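S.K.: Before anything else, here's the structure in question.
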Amino acid sequence: MTAEKNGLFDEVLKKLKRHDSWVILCHENPDGDTLGSAFALYSLGKREGKSVMIVCPDSLPDTFSFFPHAAELRVTKSLPAGEVRNALLAAVDISTEKRTLANMPELLSACADSVNIDHHGDNTMFSATNLVVPRASATAEIITALLSAYGKGITEGEASALYTALVTDNGNFRYNSTSVDSHGCAQLLLEAGAKPTEIDDRINENMTDKILRLWGLALSRTELFAGGKCALFWLRGFEIDGADADSNALDGLINMLMRIKGVKVALFLAEKNGNNKLSVRSRAPYSARDLAARFGGGGHQNAAGAKISGGFEDTLASVKKEAEKYVAFGNTSAQ
């Protein structure tokens, strides 16, 4: 697998085996990849008799409540430095220290050691050892390889969490990040007991009528511009709150815009908790990451995002203007 060919793979594996205490970190607004990968690693630590902690700045979406030890997630914006003093700090699927605990710089200085396990091409390499594999379609590919190499096998629960992480990040093998290694990873997880039908039911067959209507509201606002190459829709905070939507409820919504014939760049602006969250998707020759970077964000070549401060209406106008400018005049990137 691609992850095992990275020169830092063995170093991360040795650190996991050497340290008796792990503090595993997920990113804010957690998705299936950061959670599924982190919980699988956490489960391995529990099986090995390690002192393990799994921490996230935001709560666990109910969709992922079937992950092993899900009830043990510690939700906090910061962690006392003393709690990591003798631990290996493991950041999972986190491209920059700004996307996890608020006092991450302090924790990195205080911990016994640190590893960064990720697949984002714009990772800032903030840990002592940075195992970053941009070719992987999900961080789950890397964690699966680590668990396999660790030599203690993969339990059915861990396989289910990792398979969920894999398919939620590569669009059920539809995105162009999908590779031979992605399918090889899936094979390992299926052999370990992951059940695709049950997992799909849990993550995709759980939409409430309120969420369905919320999706419909966003879709009704679809606007095409830049000669039909760009599509945009949006939701206000009170609309999202009124539908009792958590961060996971809107996952996949933006992909509906990419189904429109001729659309190369899709944009979704959502107002949530006083922030304007921009999601971007793209097809060649355009880069979602490059466009998101214009608003201080980042991500993958074809899937990225950003948080944008300011009033919602002004932000919406700015996003549209910048996207139109990018498509017309900006630098483009090949896949």
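S.K.: Pick out, from the stretch 217-305, the strands (runs of 3 or more DSSP E) lying fully within it that include 2 or more residues that are touching a residue at least 60 places away in the same chain (Cβ under 8 Å) and within 30 Å of THR124 (Cβ to Cβ).
M.R.: In the stretch 217-305, 230-235 are the strands (runs of 3 or more DSSP E) which contain 2 or more residues that are touching a residue at least 60 places away in the same chain (Cβ under 8 Å) and within 30 Å of THR124 (Cβ to Cβ).
S.K.: Does ASN123 satisfy being of a type in the set (S, T, N, Q), modelled with pLDDT of 95 or more, in a loop (DSSP other than H, G, I, E, B) and crowded, with 19+ Cβ neighbours inside 10 Å? It would help to see each step written out before you state the result.
M.R.: Numbers: of a type in the set (S, T, N, Q): yes; modelled with pLDDT of 95 or more: yes; in a loop (DSSP other than H, G, I, E, B): yes; crowded, with 19+ Cβ neighbours inside 10 Å: yes.
Taking the combined requirement at face value, the residue satisfies it.
S.K.: For the stretch 156-169, state whether one or more residues are open to solvent by less than 10 Å² (accessible area, probe 1.4 Å) and out of contact with any helix residue (DSSP H, G or I) (no Cβ under 6 Å at 6 or more places or on another chain).
M.R.: Among the residues of the stretch 156-169, at least one is open to solvent by less than 10 Å² (accessible area, probe 1.4 Å) and out of contact with any helix residue (DSSP H, G or I) (no Cβ under 6 Å at 6 or more places or on another chain), which makes the answer yes.
S.K.: Follow-up. Restricting to the stretch 61-72, name every residue that is open to solvent by 20 Å² or more (accessible area, probe 1.4 Å), modelled with pLDDT of 95 or more and within 17 Å of the chain's Cα centre (by Cα).
M.R.: Correct list: SER65 only.
S.K.: Continuing with this model, one more query. When residues of the stretch 155-166 are filtered for being touching a Ser or Thr at 6+ places or on another chain (Cβ under 7 Å) and of a type in the set (Val, Ile, Thr), how many remain?
M.R.: Matching residues across the stretch 155-166 total 1.
S.K.: For the stretch 40-76, which positions are assigned to a helix (DSSP H, G or I), touching a residue at least 24 places away in the same chain (Cβ under 8 Å) and charged (D, E, K, R)?
M.R.: ARG47, ASP62, GLU72 - these are the residues of the stretch 40-76 that are assigned to a helix (DSSP H, G or I), touching a residue at least 24 places away in the same chain (Cβ under 8 Å) and charged (D, E, K, R).
S.K.: Mind counting the residues in the stretch 177-201 that are open to solvent by 40 Å² or more (accessible area, probe 1.4 Å) and of a type outside the set (Ser, Thr, Tyr)?
M.R.: Total meeting the criteria: 11.
S.K.: Right, here's the next one. Report yes if some residue within the stretch 79-86 is more than 30 Å from ASP244 (Cα to Cα), touching a residue at least 40 places away in the same chain (Cβ under 8 Å), touching a helix residue (DSSP H, G or I) at 6+ places or on another chain (Cβ under 6 Å) and surrounded by fewer than 21 Cβ atoms within 10 Å (Cβ to Cβ); otherwise report no.
M.R.: no
The values are calculated or read from the model by the stated rules, or taken from the named source; none is laboratory data. Predicted model, so just to flag it, every value in this text is computed and none were measured. Because the Cβ atoms are built from the backbone with ideal geometry, glycine has one as well, and the counts that use them run over all protein chains shown. Just so you know, the surface numbers come from the protein's heavy atoms only, side chains and all, with ligands and any DNA or RNA stripped out. Shrake-Rupley method; radii C 1.70, N 1.55, O 1.52, S 1.80 Å.
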